[in-house]
Amino acid sequence: MSYKIPEKEMQEIREKVEKEFPDDPALQQIHIARKIIAREAENSGMSYFEYIKSCRKKITLEKVAY
């Protein structure tokens with residue numbers, strides 16, 4: 001389920017977001033995380049929300065295993 005995006009692409013996302021929100025590092029972090037998740041969802045062939053749900057299910061199942 002884990003679809004990693006290349007480091008170069010992650011750096012491009014960071015640079016783009018830093019330009020969009022130059023004086024707000026907290027907002028930058030939120031948008032970077034959302035863009036990375038959206039890209040991973042796209043690579044997995046799921047919508048953003050389907051991907052989030054699949055991650056949530058995985059976490060829930062791991063919690064139950066303990």
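Within the stretch 56-63, is even one residue surrounded by 11 or more Cβ atoms within 10 Å (Cβ to Cβ), part of a helix (DSSP H, G or I) and modelled with pLDDT of 85 or more?
For the stretch 56-63, residues surrounded by 11 or more Cβ atoms within 10 Å (Cβ to Cβ), part of a helix (DSSP H, G or I) and modelled with pLDDT of 85 or more: absent.
Looking only at the stretch 13-42, count every residue that is open to solvent by 60 Å² or more (accessible area, probe 1.4 Å) and within 23 Å of CYS55 (Cβ to Cβ) and tell me the total.
Of the stretch 13-42, the ones open to solvent by 60 Å² or more (accessible area, probe 1.4 Å) are 14-16, 18-20, 22-26, 29-30, 34-35, 39, 42.
Narrowing the set further to residues that are within 23 Å of CYS55 (Cβ to Cβ) leaves 14, 26, 29-30, 34-35, 39, 42.
Result for the stretch 13-42: 8.
Determine the pairs where a residue that is more than 20 Å from GLU7 (Cα to Cα), located within the stretch 39-61, has a partner that is among the hydrophobic types (A, V, I, L, M, F, W, C) and not in a loop (DSSP other than H, G, I, E, B) with Cβ atoms under 6 Å apart, the partner being 6 or more residues away or on another chain.
Once the first residue is more than 20 Å from GLU7 (Cα to Cα) and sits in the stretch 39-61, its partners that are among the hydrophobic types (A, V, I, L, M, F, W, C) and not in a loop (DSSP other than H, G, I, E, B) give TYR48/ALA38; TYR48/ALA41; TYR51/ALA41.
The values are calculated or read from the model by the stated rules, or taken from the named source; none is laboratory data. What you see is a predicted model; the values in this text were computed from it and never measured. Cβ sites come from the backbone with ideal geometry, for glycine too, and all protein chains shown count toward neighbours. Heads up: the accessible areas ignore ligands, DNA and RNA and are worked out on the full protein's heavy atoms, side chains in. Shrake-Rupley method; radii C 1.70, N 1.55, O 1.52, S 1.80 Å.
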